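Here, each number is a calculation from the coordinates, and none is a lab measurement. None of the values given here were measured: they were computed from a predicted structure. So basically every Cβ, Gly included, is an ideal-geometry build from the backbone, and we count neighbours across all protein chains shown.
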């Protein structure tokens, strides 16, 4: 119904349901799981241009990929065209398909570096960043923005103009201001207006937590595609459900057995990638999304937060699975 491919510069993307760059979340193992659940274009965690310039070996790990992790977008953040271009030169031949510029992150650390949503104050700087990158690569350059810095400086259309003049191939709008952070409600009307004015594909982002939300965003904004973010943290199966809904295919919610199997597969990928101790620690934040709403799930989460090996985690999960089955027999 709403499902279609998107032409992003020279690249044809098969699906218009995108996975956002989420710091601390969209690492390689997680992207591999999301792709098995139906995701096509995924963005890796955002990468600091300053980090690539001064701590390259550590920062470049954020864009590590494998053959089953394509198409892949990366996202850079930095204060100006010189720093971002210098960083991009170091990675431009790595295996990724799209480079996105973060013009929306509102956390204090990013704002203090004069990056992220700070760039909304200077559309001219956004223009310079994009146009400079276009001289360095044939890969599509995209950007992710907010509606503006605050309610007195809503300027997403001005940013669109700068992006188009710079040569951007796609724009994603999260229609909150920087000052709102994630409070209040995303103003989807801004996405509708942006789509109406734009000459490049427009992706809507913000407050998509269910398949119904996804359909409403398509219907009310006429956007070219949507980007899932916090919704997939709350429910990793959301990508699967949304894909079915936009294709008008009947969908059955995953039962506890499938949730457990996917949880363990995700954890094993994390352990294989990071090593056991770090892998288990990094995986803990994903557990809630798999078992949210199930009886005594908080007890299992508390237990996993004290576990430091895969075998113990697997045992705890299977014990919970047996408990659940007995309680519902």
Query - Longest to shortest principal axis, alpha-carbon extents of segment 237-296, angstrom - result: 42, 27, 17
Report summary line: For segment 20-175 the mean separation of alpha carbon contacts under 8 Å (6+ apart) over residue count, i.e. relative contact order in percent, is 18
Report task. Any chance you could give the angle, 0 to 90 degrees and rounded to 10, that helix 310-327 forms with the longest Cα principal axis of the chain? Result -> 70
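Compute the relative contact order of the chain as a whole-number percentage, counting only Cα pairs closer than 8 Å that sit 6 or more residues apart in sequence. Mind showing how you got there, number by number?
Details: 611 pairs, mean separation 45.9, N = 329.
Averaging sequence separation for qualifying contacts and normalising by length gives 14 percent for the chain.
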Query raised in the report: Among 158, 241, 257, which comes first, second and so on when ranked by fewest other beta-carbon atoms within 10 Å?
Result: 257, 158, 241
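Can you tell me the order of 123-131, 246-254, 62-70 when each peptide is scored by its average per-residue count of other Cβ atoms within 10 angstrom, highest first? Walk me through the intermediate numbers first.
Details: 123-131: 21.0, 246-254: 12.2, 62-70: 15.0.
Going from most to least packed, we get 123-131, 62-70, 246-254.
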Query - Rg/Rh for segment 256-327, where both radii come from Cα atoms and Rh is the Kirkwood radius - result: 0.94
Query raised in the report: Just from the alpha-carbon atoms, what are the Rg and Dmax of the chain in angstroms?
Result: 20.0, 64
Report task. Starting from one equal scatterer on each C-alpha and no solvent at all, send me the Debye-based log10 I(q)/I(0) for segment 82-160 at q = 0.14, 0.25 Å⁻¹, two decimals. Result -> -0.47, -1.23
Query - With eigenvalues of the C-alpha gyration tensor scaled by 5 and rooted, segment 1-121, Å - result: 25, 16, 14
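For segment 225-270, rounded, prolate or oblate, judged on the Cα gyration tensor with a ≥ b ≥ c (square roots of eigenvalues), a/c < 1.5 rounded, else prolate if a/b > b/c?
Cα axes put segment 225-270 in the oblate bin.
Against the globular-protein guess of 2.2 N^0.38 Å, express the Cα radius of gyration of segment 194-279 as a ratio, rounded to two decimals.
On the way: Rg = 16.4 Å, N = 86, 2.2 N^0.38 = 12.0 Å.
For segment 194-279, the normalised Cα radius of gyration is 1.37.
Given all pairs of different Cα atoms, what value in angstroms does the Kirkwood hydrodynamic radius of segment 110-266 take? Let's see the in-between values first.
Numbers: mean 1/r = 0.0589 Å⁻¹.
Every distinct Cα pair counted, the radius reaches 17.0 Å.
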Requested in this report: Quick one: angle between helix 123-136 and the longest Cα principal axis of the chain, in degrees between 0 and 90, rounded to 10, please.
Outcome: 80
Query raised in the report: Helix 188-197 versus the longest principal axis of the chain: what angle, 0 to 90°, nearest 10, using Cα atoms?
Result: 40
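Given the C-alpha atoms of segment 38-182, compute the convex hull and give its volume per residue in Å³. Please list the in-between numbers first.
Working: hull volume 15.5 nm³, N = 145.
Normalising the Cα hull of segment 38-182 by residue number yields 107 Å³.
Can you work out the FRET efficiency for the pair residue 196 and residue 305, with r the C-beta to C-beta distance and R0 = 45 Å, to the nearest 0.05?
Working: r = 47 Å, r/R0 = 1.05.
After rounding, the FRET efficiency stands at 0.45.
In the chain, what percentage of the DSSP-assigned beta bridges are antiparallel, given to the nearest 5?
Values: 4 of 33 bridges.
Here the antiparallel bridges make up roughly 10 percent for the chain.
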Report summary line: segment 194-265 and segment 54-127 have their Cα centres apart by a whole-number Å value of 25
Query - Label-to-label distance, nm, for residues given as residue 329 and residue 296 (7 Å Cα→Cβ offset) - result: 1.4
